[in-house]
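Below is one structure, written out as structure tokens; comments come after it.
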Amino acid sequence: MNFAVLQFPASNCDQDAVHAVRLFGHSARLLWHKENSVGDADAVIVPGGFSYGDYLRCGAIARFSPVMQAVKQFADNGGLVLGVCNGFQVLTEAGLLPGALIRNRDLQFHCEHIFLKTVTNNSPFTSQIPSGKILRVPIAHGEGCYFADEEMLAKLKANNQILWQYSDASGNLTDSANPNGALQNIAGICNEKRNVAGLMPHPERACEPLLGSDDGKWIFESIFAALEKKMVAKAA
Amino acid sequence: MKAKIIVTPKKAVLDPQGKTVQTALEHMGYRGVKAVHVGKYLEIELEGDDKEAARKSLNEAAHKFLSNPVIEDYKLEIID
């Protein structure tokens, strides 16, 4: 599988994403923000960082970059797109995902490991996560408080678009397990078509035991499985 | 010609900055503060003197880029 990992000025998790994909034997390349096409990519990762210095609003400037127009087209055609941290912010600003990410409720930058409960296995980003498995992955953000208005939230729930919620180690959705004040502990969502997802935590930083956790691999394994299924379907 | 745009968080959106400033004001002894909302102020210098055309294009820009309608409101004013 070929992954394109976007690179904006001040992306800083781009190399981590490339490393994670290669770790599993797949290929990944960096795609500069001025490029007009995602080329032969099977999937796109919009990585974490502080694209364009987070000026104006996180992700607000990145969404107008040439490469994001290509990503939009790729997503419209059913391509898989995963946004991590700043990538999640970029995807909401671009309108590829509903809602917005605002300042953490305590105004602090949180850099720690948290626990994630997977809400549904019904997505290309969660299908391989073992049932009941609570993922331990790091977060590192100052503006990760997910917000959507009531109507949007109702729609997210009705369509089963909430993929991950912050929980305690046993999977309870407590307020103290919520690091940023996100609405209903929401850590990650997908779009209605289920081919675009975003999350604030960093699965790419949790793919090797050496890094303290390899739970992030389940999210990557899910994407690989979805891409393989797509290829088989295409060949048939 | 100049445009002034004030961007503020929507009332329904959590505004931890506003809350913190409000608490600080109270601690400093400033009484009677009901609420504080922290936003952004943009001053845009413009060429020409067609106010209506400027208003139209800046309204579009404010909606599309300078504010995020999901979480923010804006006010636009054009002055000489």
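Just so you know, all these numbers are worked out from the coordinates, no wet-lab data involved. Because the structure is predicted, anything quoted here is derived from the model rather than measured. Ideal geometry is used to build each Cβ from the backbone, glycine not excepted, and the neighbour counts take in all protein chains shown.
Please compute the contact order of chain A in relative form: average sequence separation of alpha-carbon pairs under 8 Å and at least six residues apart, divided by the residue count, as a percent.
For chain A, the relative contact order is 19 percent.
Step through the table entries B:LYS11/B:LYS40; A:LYS72/B:LYS64; A:LYS193/B:LYS10; A:LYS34/A:LYS229; B:LYS4/B:LYS75; A:LYS34/B:LYS40, compare each Cα-Cα distance with 20 Å, and write down the pairs that go over it.
Listed pairs above 20 Å: A:LYS193/B:LYS10; A:LYS34/A:LYS229; A:LYS34/B:LYS40.
List B:THR20, A:THR118, A:THR174 from most exposed to least, where exposure is judged by having the fewest other Cβ atoms within 10 Å.
A:THR174, B:THR20, A:THR118
Rg and Dmax in Å for the stretch A:16-157, alpha carbons only: what are they?
15.7, 42
Is the shape of the stretch A:87-209 rounded, prolate or oblate, going by the alpha carbon gyration tensor and its root eigenvalues a ≥ b ≥ c, with a/c under 1.5 for rounded and a/b larger than b/c for prolate?
rounded
Please identify the trypsin sites (Lys or Arg not before Pro) of chain B that satisfy two criteria: DSSP loop assignment and at most 13 other Cβ atoms within 10 Å. Which are they?
B:LYS11, B:ARG31, B:LYS34
I need the GluC sites (Glu not before Pro) found in the stretch B:6-56, filtered to DSSP loop residues with at most 16 other beta carbons within 10 Å of theirs.
Hits after loop and neighbour filter: B:GLU47.
Mind checking which aspartates and glutamates have their Cα closer than 19 Å to the Cα of A:LYS230? Skip sequence neighbours fewer than 8 apart in that chain.
A:ASP40, A:ASP42, A:ASP76, A:GLU192, A:GLU221
If you add up the charges near B:VAL38, with Lys and Arg at +1 and Asp and Glu at -1, over every other residue whose beta carbon is less than 11 angstrom from its beta carbon, what do you get?
+2
Kindly provide the helix-only [θ] at 222 nm of the protein assembly as shown, computed as the sum of -39,500 (n - 2.57) over DSSP H runs of four or more divided by all residues, to the nearest 500 deg cm²/dmol?
-8000 deg cm²/dmol
Return the Cα extents of the protein assembly as shown along principal axes one, two and three, sorted largest first, each rounded to a whole Å.
65, 47, 36
Net charge around A:SER127, counting only other residues with Cβ within less than 13 Å of its Cβ (Lys, Arg = +1; Asp, Glu = -1)?
Charge balance near A:SER127 sits at +2.
Quick check on the protein assembly as shown: of the DSSP beta bridges with both residues there, what percent are antiparallel, nearest 5%?
That works out to approximately 70 percent antiparallel.
Rounded, prolate or oblate: which fits the stretch A:64-128 when a ≥ b ≥ c are the square roots of the eigenvalues of the alpha-carbon gyration tensor, with rounded for a/c under 1.5 and prolate only if a/b beats b/c?
oblate
Give the residue list of chymotrypsin sites (Phe, Trp or Tyr not before Pro) in chain B that are DSSP loop and have at most 14 other beta-carbon atoms within 10 angstrom.
Within chain B, the qualifying chymotrypsin sites (Phe, Trp or Tyr not before Pro) (loop, at most 14 other Cβ atoms within 10 Å) are B:TYR30.
Let me know the shape class of the stretch A:145-219, please: from the alpha-carbon gyration tensor, a ≥ b ≥ c as square roots of the eigenvalues, rounded when a/c is under 1.5, otherwise prolate if a/b is greater than b/c, or oblate.
Oblate, because a/c is 1.5 or more while a/b does not exceed b/c.
If you rank A:CYS58, A:CYS145, A:CYS111 by fewest surrounding Cβ atoms within 10 Å, what's the result?
Ordered by Cβ neighbours within 10 Å, fewest first: A:CYS111, A:CYS145, A:CYS58.
Among A:ILE162, A:ILE134, which comes first, then next, by fewest other beta-carbon atoms within 10 Å?
Least crowded to most crowded, the residues run A:ILE134, A:ILE162.
For chain B, what does the convex hull of the Cα positions come to per residue, in cubic angstrom?
Once divided by residue count, the hull of chain B is 106 Å³.
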